[in-house]
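Take a look at the structure set out below.
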Amino acid sequence: MSNTNYQICTNCVMDTSDTQIVFDEKGVCDHCNTYYTHTLPHWDTGEKGMKELQKVVEKIKKEGEGKDFDCIIGMSGGIDSSYLVYVAKEILGLRPLVFHVDAGWNSQIAVNNIERIVDHLKLDLYTEVIDWEEMKDLQLSYFKAGVPHIDTPQDHAFFATMYNFASKYKVKYILTGANFSTECIRNPIEWMYYQSDVIQLNDIHQKFGRKPLKKYPLTSILWHKLFLPYLRGIKVIKPLNYVPYIKTEAMQLLQDKFGWQPYPQKHFESRFTKFYESYWLPKKFGYDVRRVQYSSLIVTGQMKRDEALEKLKDSPFDPSMIQHDFEYIANKLGIPTEELQGYFDAPNKTYKDYKSQESIYKIGAKLFKMLGIEKAGKR
């Protein structure tokens, strides 16, 4: 990207590292304009939003009568899922089963955060451990493929495991920490392609993998967007879109009540994601996900643009620790650091270099927006 063509949004901090970004005559990007014209008018965390949420909550409670739990919540130990567990139990009065997927990369802080909140709220915790040899082989396949979205094996496993559990045990409600408050501006598709695209996952693994995926959980966009909700009646609820959710206030509450520990950056509860988002993406591809995270906070009034610009001057990773992190990732994956460096130095590829279901995602996104089901999305 040449400096002569460089442009940054005058409202947030998204820039031309997103090659598909579009600016209006005032220099405001399409991410911001989509938020103001499409997301914000349909987002209410006041009395109206709470009433809508309470209707759903009453259904969850009624259908959960006589059962050990009335819904499940996927918990990573990060801020969104941790605060959601608190809201569900203490504010909404639900009886969630806390569901955790261990893909082999949990930080100790994440483990501690999960245990503290679950213990304090007296909730049951169910942990599903992904087969490490298959996970390792799939992650190496993504490194070899040269694509930016190397975190897909983790994310796909998280989604698939929870959906499969809900389907098997006839759980009707899945609560997720996805929200507009901190995620209204999404990572562009070229940065992070759809994690649920099983066609692409299988294509990459077939080209570069060495072990068959016999235990690794799989899902697909049609399975969890159409079959499960409309034929099995399994609903995904996003409670944080209906209640006031200010990130700094939520973090302080969790620290005060549970001794919850914050992370340097969103998603850093996973050691792999920390390495991937802070080092691999910005250094190899030029994609700094802090721009997306800060821009979401800017448009929702939780961060000043000047503050975000100042933070972006700092390196997204700790230079004094990166060699240690590099060695840790390589050793965990069972390869020499020289091999990992080779993947870093190899030509960059994109999701378009492999088979995909992109056309289905595009059709679905348009349809769901027309029907009002999706109020924000990737592009």
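Looking only at the stretch 69-77, decide whether some residue is touching a helix residue (DSSP H, G or I) at 6+ places or on another chain (Cβ under 7 Å), modelled with pLDDT under 95 and over 15 Å from Ala157 (Cα atoms).
Scanning the stretch 69-77, I find at least one residue that is touching a helix residue (DSSP H, G or I) at 6+ places or on another chain (Cβ under 7 Å), modelled with pLDDT under 95 and over 15 Å from Ala157 (Cα atoms), so the answer is yes.
Tell me the residue from Ser181, Ser167 that is more than 24 Å from Val147 (Cβ to Cβ), of a type in the set (S, T, N, Q) and open to solvent by 10 Å² or more (accessible area, probe 1.4 Å), please.
The conditions single out Ser167.
Regarding the stretch 162-175, can at least one residue be identified that is in contact with a helix residue (DSSP H, G or I) (Cβ under 9 Å, 6 or more places away or on another chain), of a type in the set (Lys, Arg) and in a loop (DSSP other than H, G, I, E, B)?
Checked against the condition, which is being in contact with a helix residue (DSSP H, G or I) (Cβ under 9 Å, 6 or more places away or on another chain), of a type in the set (Lys, Arg) and in a loop (DSSP other than H, G, I, E, B), the stretch 162-175 yields at least one hit.
So is Asp44 more than 24 Å from Ile234 (Cβ to Cβ) and either in contact (Cβ under 8 Å) with a residue 60 or more places away in the chain or of a type outside the set (Phe, Trp, Tyr) (or both) or not?
So Asp44 passes the test.
Only one of Asp197, Asp131 is of a type in the set (D, E, K, R), surrounded by 23 or more Cβ atoms within 10 Å (Cβ to Cβ) and more than 29 Å from Leu53 (Cβ to Cβ). Can you tell me which?
On the way: Asp131 fails: surrounded by 23 or more Cβ atoms within 10 Å (Cβ to Cβ).
Answer to the check: Asp197.
Quick grid of which residues meet (1) in contact with a strand residue (DSSP E or B) (Cβ under 9 Å, 6 or more places away or on another chain); (2) hydrophobic (A, V, I, L, M, F, W, C):
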{"position": "Asp155", "(1), (2)": "no, no"}
{"position": "Lys170", "(1), (2)": "no, no"}
{"position": "Thr176", "(1), (2)": "yes, no"}
{"position": "Met192", "(1), (2)": "no, yes"}
{"position": "Asn241", "(1), (2)": "no, no"}
{"position": "Lys247", "(1), (2)": "no, no"}
{"position": "Leu254", "(1), (2)": "no, yes"}
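In the stretch 360-379, how many are in a helix (DSSP H, G or I), at pLDDT below 70 and either of a type outside the set (A, V, I, L, M, F, W, C) or surrounded by fewer than 14 Cβ atoms within 10 Å (Cβ to Cβ) (or both)?
Of the residues in that region, 3 qualify.
Would you say Gly104 is small (Gly, Ala, Ser), in a loop (DSSP other than H, G, I, E, B), closer than 30 Å to Lys274 by Cβ and in contact with a Ser or Thr (Cβ under 9 Å, 6 or more places away or on another chain)?
Details: small (Gly, Ala, Ser): yes; in a loop (DSSP other than H, G, I, E, B): yes; closer than 30 Å to Lys274 by Cβ: yes; in contact with a Ser or Thr (Cβ under 9 Å, 6 or more places away or on another chain): no.
Considered against the rule, which asks whether it is small (Gly, Ala, Ser), in a loop (DSSP other than H, G, I, E, B), closer than 30 Å to Lys274 by Cβ and in contact with a Ser or Thr (Cβ under 9 Å, 6 or more places away or on another chain), Gly104 comes out as no.
Could you tell me whether any residue of the stretch 316-335 is over 26 Å from Asn112 (Cα atoms), at pLDDT 95 or above and outside any helix (DSSP H, G or I)?
Yes, some residue in the stretch 316-335 is over 26 Å from Asn112 (Cα atoms), at pLDDT 95 or above and outside any helix (DSSP H, G or I).
Check every one of the helices (runs of 4 or more DSSP H) wholly within the stretch 206-312 and list those with 1 or more residues that are touching an Asp or Glu at 6+ places or on another chain (Cβ under 9 Å), surrounded by 18 or more Cβ atoms within 10 Å (Cβ to Cβ) and of a type outside the set (Val, Ile, Thr). Let's see the steps before the verdict.
Details: elements: 247-258, 271-275, 290-299, 305-312.
Once the helices (runs of 4 or more DSSP H) in the stretch 206-312 are filtered for at least 1 residues that are touching an Asp or Glu at 6+ places or on another chain (Cβ under 9 Å), surrounded by 18 or more Cβ atoms within 10 Å (Cβ to Cβ) and of a type outside the set (Val, Ile, Thr), what remains is 247-258, 271-275, 290-299.
Could you check how many residues of the stretch 213-265 are among the hydrophobic types (A, V, I, L, M, F, W, C) and closer than 27 Å to Ile360 by Cα? Give the steps one after another, and end with the answer.
So the first thing to find is which residues in the stretch 213-265 are among the hydrophobic types (A, V, I, L, M, F, W, C), and the list is 213, 218, 221-223, 226-228, 231, 234, 236-237, 240, 243, 246, 250-251, 253-254, 258, 260.
Remaining after also requiring closer than 27 Å to Ile360 by Cα: 213, 218, 221-223, 226-228, 231, 234, 236-237.
The number of residues fulfilling the criteria is 12.
Ser167 is checked against (1) in contact (Cβ under 8 Å) with a residue 60 or more places away in the chain; (2) closer than 30 Å to Leu281 by Cβ and fails just one. What number does that condition carry?
(2)
Quick check: anything in the stretch 16-29 within 28 Å of Pro239 (Cβ to Cβ) and touching a residue at least 24 places away in the same chain (Cβ under 8 Å)?
No - not one qualifying residue is present in the stretch 16-29.
In contact with a helix residue (DSSP H, G or I) (Cβ under 7 Å, 6 or more places away or on another chain) and either closer than 24 Å to Val198 by Cα or open to solvent by 30 Å² or more (accessible area, probe 1.4 Å) (or both): which single residue out of Gln357, Gln341 fits that description?
Gln357
Are any of the residues in the stretch 217-235 touching a residue at least 12 places away in the same chain (Cβ under 8 Å), out of contact with any Gly (no Cβ under 8 Å at 6 or more places or on another chain) and farther than 17 Å from Thr161 by Cα?
yes
Contact list please: Cβ distance under 6 Å, first residue in the stretch 255-279 and over 18 Å from Ala103 (Cα atoms), second residue open to solvent by 30 Å² or more (accessible area, probe 1.4 Å) and modelled with pLDDT of 95 or more, pairs at least six apart or on different chains.
Close Cβ pairs (under 6 Å, with a partner that is open to solvent by 30 Å² or more (accessible area, probe 1.4 Å) and modelled with pLDDT of 95 or more) amount to Phe258/Arg116; Phe258/His120; Gly259/Arg116; Pro262/Met251.
What tally of residues in the stretch 110-128 results from selecting those that are part of a helix (DSSP H, G or I), surrounded by fewer than 16 Cβ atoms within 10 Å (Cβ to Cβ) and among the hydrophobic types (A, V, I, L, M, F, W, C)?
1
The values are calculated or read from the model by the stated rules, or taken from the named source; none is laboratory data. Given the structure is predicted, the values throughout are model-derived calculations rather than measurements. Cβ sites come from the backbone with ideal geometry, for glycine too, and all protein chains shown count toward neighbours. Calculation scope for accessible area: heavy atoms of the full protein, side chains included, ligands and nucleic acids excluded. Shrake-Rupley method; radii C 1.70, N 1.55, O 1.52, S 1.80 Å.
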